[in-house]
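Trainee: Below: one structure in structure tokens.
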Amino acid sequence: MTDPEKTEHSGASYSETAYRSDALPSQAPLSDPGGFARALEGLNFVERLPTGSYAGLDIDVDPDVVEHFQDRARGEMNLVGPPWDHRAKPNNLIKTRWELVLLFATCMTDRIIFGIFAFSCVVTFLISIFVVDFVLALKLNSWPILGLLSLHLFFRYPFKWLLERYPEIIVRDLGCGFFRTAGKIKFRTYWGKETFEAPFIEFDPYIAYHVQPNGPVSYKLVLRHRYRGRQTEVATVPQGRKIELYAVWDQLQRYMDVSQPLPDIPALEAYRSLDPTTAAYDAAGKRGRPADYWVTLDLDWWKREGYPEHMKKIAEFPWDSLEDKMEDSVPNLREAAMA
């Protein structure tokens, strides 16, 4: 695992534009487009989420994330692309021609999907034995079985190794992401290759829904620039997991808020001592965990008890009770917002 002390990100200082929930400046009011135009533009918006008040519940702590983090810490896996650290959360774009390849690779390496394919091949082989003789059945079915196994091993090992060491093959770095020390967001616009950058405090968070072509509904967390209308999607979840988007927003806010310590998640554990607010928080004993908590965490216990209990807290937290401090910063936010 890369030692953050030896990288160029060996320290952090906060700029004047950094986001501070305890010192929100007065901002310009929204221009109210009128009820009809607002309803049309925000057609899929379900609700606007509060800003500046936190539950302290993180989302990037599922067992797979912890397991991958521990593998990297043991030197068994390298970081893919620029790391999410105490200064920035990069948001690189996967090149379009690689999206289908990665989707196929995911299917081939997923244990459940691969198991279904393998089971189908074996069943086909057994049926073929009764339809034709054993030798012919072996000839007809050996190639599909060997091909499936070869694809699984290829995507699980050489392909994975290649992407971990040379991520620039599949991603385009436009310098986009969430920048904690600067308090800025930068993302690629929907059209073309241009980017849009603005202060974090000028974005309003909305949960929107999207109906898939085959029927199921998904929900997504969208950040919309209140003065320019530009928006970026942060996360998408299936219909039954909408509650997770509240934790996504809670975690992202605390990452951007320099008056708060970094979220206590595996990806950021190595950088806690490099962020001034977080270092002071930990030095005061407020974290209540050892410095290598995620590195040494009992993964079996986390899968069996810790993570289910954590997700239960997210599901049961009264998210609608959080105060929206942004309404004190923007005079007519409640009246003129999209939802």
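Trainee: What's the total number of residues in the stretch 236-257 that are assigned to a strand (DSSP E or B) and in contact (Cβ under 8 Å) with a residue 60 or more places away in the chain?
Mentor: Looking only at that region, the number is 1.
Trainee: Moving to a separate point now. Name the pairs: first residue in the stretch 155-173 and open to solvent by 60 Å² or more (accessible area, probe 1.4 Å) and part of a helix (DSSP H, G or I), second residue at pLDDT below 70 and polar (S, T, N, Q), Cβ to Cβ under 7 Å, at least 6 apart or on different chains?
Mentor: Arg165/Asn78
Trainee: In addition: If you scan the stretch 258-281, which residues turn out to be farther than 14 Å from Val66 by Cα and either of a type in the set (Val, Ile, Thr) or part of a loop (DSSP other than H, G, I, E, B) (or both)?
Mentor: Residues satisfying the conditions are Val258, Ser259, Gln260, Pro261, Leu262, Pro263, Asp275, Thr277, Thr278.
Trainee: With the condition being open to solvent by less than 60 Å² (accessible area, probe 1.4 Å) and modelled with pLDDT of 90 or more, I'd like the helices (runs of 4 or more DSSP H) fully within the stretch 17-119 carrying at least 2 qualifying residues.
Mentor: Because the criterion is at least 2 residues that are open to solvent by less than 60 Å² (accessible area, probe 1.4 Å) and modelled with pLDDT of 90 or more, the helices (runs of 4 or more DSSP H) in the stretch 17-119 that meet it are 63-73.
Trainee: Further question: Considering only residues that are outside any helix (DSSP H, G or I), open to solvent by less than 50 Å² (accessible area, probe 1.4 Å) and under 29 Å from Gly52 (Cα atoms), look in the stretch 187-202 and name the one that is modelled with the lowest pLDDT.
Mentor: Thr189
Trainee: Something else about it: From Asp257, Asp250, grab the single residue that is crowded, with 17+ Cβ neighbours inside 10 Å, touching a helix residue (DSSP H, G or I) at 6+ places or on another chain (Cβ under 7 Å) and under 30 Å from Ser31 (Cα atoms).
Mentor: The unique qualifying residue is Asp257.
Trainee: In addition: For the stretch 129-147, indicate whether the set of residues that are modelled with pLDDT of 75 or more, polar (S, T, N, Q), part of a helix (DSSP H, G or I) and open to solvent by 50 Å² or more (accessible area, probe 1.4 Å) is non-empty.
Mentor: The answer is no; no qualifying residue exists.
Trainee: Sticking with this structure for a sec: Could you check, for the stretch 282-296, whether at least one of its residues is surrounded by 15 or more Cβ atoms within 10 Å (Cβ to Cβ), more than 24 Å from the chain's Cα centre (by Cα) and in a helix (DSSP H, G or I)?
Mentor: Yes, the stretch 282-296 contains a residue that is surrounded by 15 or more Cβ atoms within 10 Å (Cβ to Cβ), more than 24 Å from the chain's Cα centre (by Cα) and in a helix (DSSP H, G or I).
The values are calculated or read from the model by the stated rules, or taken from the named source; none is laboratory data. Since the structure is predicted, the reported quantities are computational estimates derived from the model, not experimental observations. As a convention, Cβ positions derive from the backbone with ideal geometry for all residues, glycine included, and neighbour counts pool all protein chains shown. Areas reflect the complete protein model, heavy atoms only, side chains present, ligands, DNA and RNA absent. Shrake-Rupley method; radii C 1.70, N 1.55, O 1.52, S 1.80 Å.
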